[in-house]
Amino acid sequence: MAMASLFTHKHSSAKLTRSIQHLVSAYINSNSLTPSFQARYMTTAMTKVAGFDEMVSSNQRKFYLLGGKGKTSCAASLAVKLANQGHPTIVVSTDPAHSLSDSFDQNLTGGMLVPVQGVDSPLYALELNPEKAREELSSKGQHDEGAVRNVMDSMGLGGFAGMMGDLKLDELLETSPPGLDEIVAISKVMQFLDSPEYSKFRRIVFDTAPTGHTLRLLSLPDFLDASIGKMMKIKKKIASATAALKSAFGKGEPQQDDNDKLEQLRLSMGRVRDLFRDPETTEFVIVTIPTVMAVNESSRLCASLRKEMVPVNRLVVNQLLPPSASDCKFCSMRRKDQRRALDKIEKDPELAKLKLIESPLVDVEIRGVPALKFMGDMVWK
């Protein structure tokens, strides 16, 4: 088996190991990496390639969603690789426990696009801020409550409006409702689709939330599309009853603006849903580590993605130990565990269909653009 070469191949001598270290050092020095980023990498020759040229073959805008274990470094390194290949890129974290700032060694926490320095084409990054979105929703809710009260006053139902006000419904938004992170992420996707501000960016990389949140994000357009349809039916029935009541009081015909806005939102959700399912515009890359538990989770994620009809073609296996001329007992046991995980991938009916990308373990933290460039050149080939 091709993957078995990672573990069965043994260096014939320590000289070959030193040669590999020398090549890595030469690569780092030739690419002007910062002095703090030193060259003691536990690398091995990669036997799998990501098919990077295939990933960027389309000239239209493309979205890359990365999810799983070790996804942030992979997402950040892909964004750096895309920018250095001449593709203006945005990288977005939709993970509530953000670590994109740590990967770039920059503060990206303001919820706004921040330029990333040290790349050849425009690269911007941001961490979505659900708290800010909650505040906007709360303000909107208070405004809408006042509008409802005014309408009910005009119909002679002010007393009932007062009773509703006593419930303080706006306080429901003082804590983030379930799914708010996903709603914020979807709204940002809609901005990318519609706003001239983002038209120059041809590649958009998402560092997604953990598996459960990611699946909610991908299924949300379908859920909202169905929910909005039901809401529109209810509103039509209420509008009909309200029209009869207003007619009796001589208040005229009700406005249809709300229904128009709901229809526009429903159509926008349909666009996002179609975007997530179009292999020409979207690709989900699963990232895992070589443990049986992580592989099992990745298999379930892959099955769920296929159920949602989201294109998924690649699996990155992170933190692979390299071969060594002299093994300690701990390293030997770890390699056996990793071998079992790789064997499981080969036999898994979901994961075996994916293009496998091997990402080696390194002995330093991947942080900052130089380190991400080094990782990107290793992984995204």
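Answer yes if at least one residue in region 119-127 is more than 17 Å from PRO210 (Cβ to Cβ), touching a strand residue (DSSP E or B) at 6+ places or on another chain (Cβ under 9 Å) and of a type in the set (S, T, N, Q), and no otherwise.
Yes, there is a match, as at least one residue in region 119-127 is more than 17 Å from PRO210 (Cβ to Cβ), touching a strand residue (DSSP E or B) at 6+ places or on another chain (Cβ under 9 Å) and of a type in the set (S, T, N, Q).
Has region 287-309 got any residue that is in contact with a Leu (Cβ under 9 Å, 6 or more places away or on another chain) and at positive phi?
no
Considering each residue of region 85-99, count those that are under 25 Å from PHE52 (Cα atoms) and open to solvent by 60 Å² or more (accessible area, probe 1.4 Å), and give that number.
The qualifying residues number 1.
Which of the residues that make up region 100-123 are surrounded by 17 or more Cβ atoms within 10 Å (Cβ to Cβ), assigned to a loop (DSSP other than H, G, I, E, B) and in contact (Cβ under 8 Å) with a residue 60 or more places away in the chain?
VAL116, VAL119
Might you let me know whether region 227-235 holds any residue that is modelled with pLDDT of 75 or more, under 30 Å from ASN59 (Cα atoms) and part of a helix (DSSP H, G or I)?
The answer is no, given that none of the residues of region 227-235 is modelled with pLDDT of 75 or more, under 30 Å from ASN59 (Cα atoms) and part of a helix (DSSP H, G or I).
Out of (1) over 18 Å from the mean Cα position of the chain (by Cα); (2) touching a residue at least 60 places away in the same chain (Cβ under 8 Å), what's the single condition that is false for LYS344?
Checking LYS344 against (1) over 18 Å from the mean Cα position of the chain (by Cα); (2) touching a residue at least 60 places away in the same chain (Cβ under 8 Å), the one that fails is (2).
Quick grid of which residues meet (1) of a type outside the set (S, T, N, Q); (2) open to solvent by 30 Å² or more (accessible area, probe 1.4 Å):
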site	(1), (2)
SER324	no, yes
SER332	no, yes
ARG335	yes, no
LEU342	yes, no
ALA352	yes, yes
ASP377	yes, yes
LYS381	yes, yes
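Given (1) open to solvent by 70 Å² or more (accessible area, probe 1.4 Å); (2) at pLDDT below 90; (3) not β-branched (Val, Ile, Thr), identify the lone condition not met by MET309.
(2)
Any residue at all in region 77-97 that's within 12 Å of the chain's Cα centre (by Cα), farther than 18 Å from VAL189 by Cβ and either among the small types (Gly, Ala, Ser) or at pLDDT below 95 (or both)?
No, region 77-97 has no match at all.
Restricting attention to region 182-234, which residues are surrounded by 18 or more Cβ atoms within 10 Å (Cβ to Cβ) and polar (S, T, N, Q)?
THR208, THR214
Could we say that ASP181 is on the phi < 0 side of the Ramachandran plot, at pLDDT below 85 and out of contact with any Gly (no Cβ under 8 Å at 6 or more places or on another chain) here?
When the stated conditions are applied, ASP181 passes them.
The values are calculated or read from the model by the stated rules, or taken from the named source; none is laboratory data. This one's a predicted model, so the numbers in the text were calculated from it and none came from an experiment. Cβ atoms come from the backbone with ideal geometry, glycine included; neighbour counts cover every protein chain shown. In case anyone asks, the SASA skips ligands and DNA or RNA and just uses the protein heavy atoms, side chains included. Shrake-Rupley method; radii C 1.70, N 1.55, O 1.52, S 1.80 Å.
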